[in-house]
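> The structure that follows is given in the form of structure tokens.
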Amino acid sequence: MEVIVYPDAGALALAAARRIARLVRERSADVFTIALAGGSTPAATYAALLDEDVPWDRVYGWIGDERFVPHDHPDSNTSMARRAIVEASGMTFLPVPWRDGATADELAAEYESALLGILDHDDSGPRPDLMLLGMGDDGHTLSLFPDTDALAVTDRWFTANWVASKDTWRLTATYPLAHRSREIIFLVAGGGKAAALRQVLEPADGEAILPSTGILDGGARVTFLVDAAAAAELVATETVPGIPPD
Ligand code: 6PG
């Protein structure tokens, strides 16, 4: 696991875009699958990525987690991803399905089945190439929120998750799927994330283990790309200074 600290969110976004583009170019397979993160942080990275040299015809995007809303809802990650990068890049994309009247469980199961049809795999199951993850100020990632049932799911790659703190259903990749990814890049920016990032990376005795920490338990190569504000409370973590791309 590596933590690279950039001076500000702009430098972080540009460096993240360059790293992602390089990963796609370097992977010789016919298809490179990438889980697109929801929320607001990735927007700058998506914009920067459109200016990079990426063989988009080999990229297959999917959604790491989704809100339980129609695609025309302002909270839809599927629609945010379409607007932010899918349409402009021309990548192939697997939207999370929505049908009025369908349950979150039904939609999650349908998406899991569709994902298994696009992701690389080996004898142990699917192998995502890259997952982009954000992190909330409570240490959640994807829609794996503290004190929710999805944290304990071991027999599914994608699941519905009731999030009592938000009084809503979410749909999310599970730890088993994240642990099978070849690469994971966390994008974390802003001082509001500093306390959670410290607890994720440097949990003190007796402190709760936050959901983002659980991502580190698998076989993925995990890189945290963070800005200085988000890294402000890290004391025990070896960090690498991020050289802002020219
Ligand atoms: C979502 C995300 C979620 C997000 C974090 C950080 O659907 O909201 O997938 O896990 O990455 O909440 O969100 P911000 O980038 O907006 O801070």
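The values are calculated or read from the model by the stated rules, or taken from the named source; none is laboratory data. Only a predicted model underlies this, so the values are computations on that prediction, with no experimental measurement involved. Cβ placement follows ideal geometry from the backbone for every residue including glycine, while neighbour counts extend to all protein chains displayed.
> How do the pairs read when you match residues in the stretch 185-196 that are in contact (Cβ under 8 Å) with a residue 60 or more places away in the chain with residues anywhere that are polar (S, T, N, Q), using Cβ under 8 Å and keeping only pairs 6 or more apart or on different chains?
Filtered contacts from the stretch 185-196: Ile185/Thr223; Leu187/Thr41; Leu187/Thr45; Val188/Thr41; Ala189/Thr41; Gly190/Thr41; Ala196/Ser212.
> Which of the residues that make up the stretch 12-61 are in contact with a Gly (Cβ under 6 Å, 6 or more places away or on another chain) and within 16 Å of the ligand (Cβ to nearest atom)? Spell out the reasoning first.
The initial filter retains those residues of the stretch 12-61 that are in contact with a Gly (Cβ under 6 Å, 6 or more places away or on another chain), namely 15, 34-37, 39, 41, 56.
Once the filter is applied, which keeps residues that are in contact with a Gly (Cβ under 6 Å, 6 or more places away or on another chain) and within 16 Å of the ligand (Cβ to nearest atom), the stretch 12-61 yields Ile34, Ala35, Leu36, Ala37, Gly39, Thr41.
> Continuing with the same structure: Of all residues being of a type outside the set (Asp, Glu) and surrounded by fewer than 21 Cβ atoms within 10 Å (Cβ to Cβ) in the stretch 181-195, which is farthest from Gly10 (Cα to Cα)? Just the residue, please. I'd like the intermediate steps shown before the answer.
Looking only at the stretch 181-195, we keep the residues that are of a type outside the set (Asp, Glu), and these are 181-182, 184-195.
Pick out the ones that are also surrounded by fewer than 21 Cβ atoms within 10 Å (Cβ to Cβ) and you get 182, 190-192, 194-195.
Details: Arg182: 26, Gly190: 11, Gly191: 14, Gly192: 17, Ala194: 17, Ala195: 21 Å.
Ranking the candidates gives Arg182 first.
> Could you tell me whether any residue of the stretch 96-111 is more than 12 Å from the ligand (Cβ to nearest atom) and closer than 29 Å to Gly190 by Cα? Step through it out loud before you land on a result.
We begin by selecting, within the stretch 96-111, every residue more than 12 Å from the ligand (Cβ to nearest atom); these are 97-111.
Those left that are additionally closer than 29 Å to Gly190 by Cα: none.
No - not one qualifying residue is present in the stretch 96-111.
> Moving on. I'm told Asp120 meets every condition in (1) more than 16 Å from the ligand (Cβ to nearest atom); (2) surrounded by fewer than 16 Cβ atoms within 10 Å (Cβ to Cβ) except one. Can you identify the failing condition by its number?
Of everything listed in (1) more than 16 Å from the ligand (Cβ to nearest atom); (2) surrounded by fewer than 16 Cβ atoms within 10 Å (Cβ to Cβ), Asp120 misses just condition (2).
> Have a look at Leu225, Leu210 and point out the one that is touching a Lys or Arg at 6+ places or on another chain (Cβ under 8 Å) and either surrounded by 15 or more Cβ atoms within 10 Å (Cβ to Cβ) or hydroxyl-bearing (Ser, Thr, Tyr) (or both). Explain how you work it out, then say what you get.
Details: Leu210 fails: touching a Lys or Arg at 6+ places or on another chain (Cβ under 8 Å).
Going through Leu225, Leu210 in turn, the sole match is Leu225.
> Still on this structure, please answer the following. Any residue at all in the stretch 163-174 that is of a type in the set (Phe, Trp, Tyr), closer than 30 Å to Pro95 by Cβ, surrounded by 21 or more Cβ atoms within 10 Å (Cβ to Cβ) and in contact (Cβ under 8 Å) with a residue 40 or more places away in the chain? Spell out how you get there, then give the answer.
Going residue by residue through the stretch 163-174, those that are of a type in the set (Phe, Trp, Tyr) are 169.
Filter once more, keeping what is closer than 30 Å to Pro95 by Cβ: 169.
So of that shortlist, the ones also surrounded by 21 or more Cβ atoms within 10 Å (Cβ to Cβ) come out as none.
Within the stretch 163-174, not a single residue is of a type in the set (Phe, Trp, Tyr), closer than 30 Å to Pro95 by Cβ, surrounded by 21 or more Cβ atoms within 10 Å (Cβ to Cβ) and in contact (Cβ under 8 Å) with a residue 40 or more places away in the chain.
Residue-wise test of (1) more than 20 Å from Ser40 (Cα to Cα); (2) part of a strand (DSSP E or B).
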{"site": "Asp155", "(1), (2)": "yes, no"}
{"site": "Ser165", "(1), (2)": "no, no"}
{"site": "Ala178", "(1), (2)": "yes, no"}
{"site": "Ser181", "(1), (2)": "yes, no"}
{"site": "Pro203", "(1), (2)": "yes, no"}
{"site": "Ala208", "(1), (2)": "yes, no"}
{"site": "Ile215", "(1), (2)": "yes, no"}
{"site": "Val240", "(1), (2)": "yes, yes"}
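> What do you reckon, is Thr148 out of contact with any Pro (no Cβ under 9 Å at 6 or more places or on another chain) and surrounded by 15 or more Cβ atoms within 10 Å (Cβ to Cβ)?
Numbers: out of contact with any Pro (no Cβ under 9 Å at 6 or more places or on another chain): no; surrounded by 15 or more Cβ atoms within 10 Å (Cβ to Cβ): yes.
So Thr148 does not fit the description; no.
> Now a separate question. Kindly indicate which of Phe224, Phe158, Phe186 is touching a strand residue (DSSP E or B) at 6+ places or on another chain (Cβ under 6 Å), at pLDDT 95 or above, within 12 Å of the ligand (Cβ to nearest atom) and of a type in the set (Phe, Trp, Tyr). If you could, list the steps in order and put the result at the bottom.
On the way: Phe224 fails: within 12 Å of the ligand (Cβ to nearest atom); Phe158 fails: within 12 Å of the ligand (Cβ to nearest atom).
None of the other options fit; the residue is Phe186.
> When Thr78 is evaluated against the numbered criteria (1) surrounded by 14 or more Cβ atoms within 10 Å (Cβ to Cβ); (2) more than 12 Å from the ligand (Cβ to nearest atom), which criterion, by number, is the only one it fails?
Thr78 satisfies all of (1) surrounded by 14 or more Cβ atoms within 10 Å (Cβ to Cβ); (2) more than 12 Å from the ligand (Cβ to nearest atom) except (2).
> Follow-up question, since we're still on this one. Can you name the condition, by its number, that Thr172 falls short on among (1) of a type in the set (Ser, Thr, Tyr); (2) out of contact with any Ser or Thr (no Cβ under 9 Å at 6 or more places or on another chain); (3) not in a helix (DSSP H, G or I)?
(2)
> For the stretch 25-58, which positions are within 16 Å of the chain's Cα centre (by Cα) and among the aliphatic types (A, V, I, L, M)?
Ile34, Ala35, Leu36, Ala37, Ala43, Ala44, Leu49
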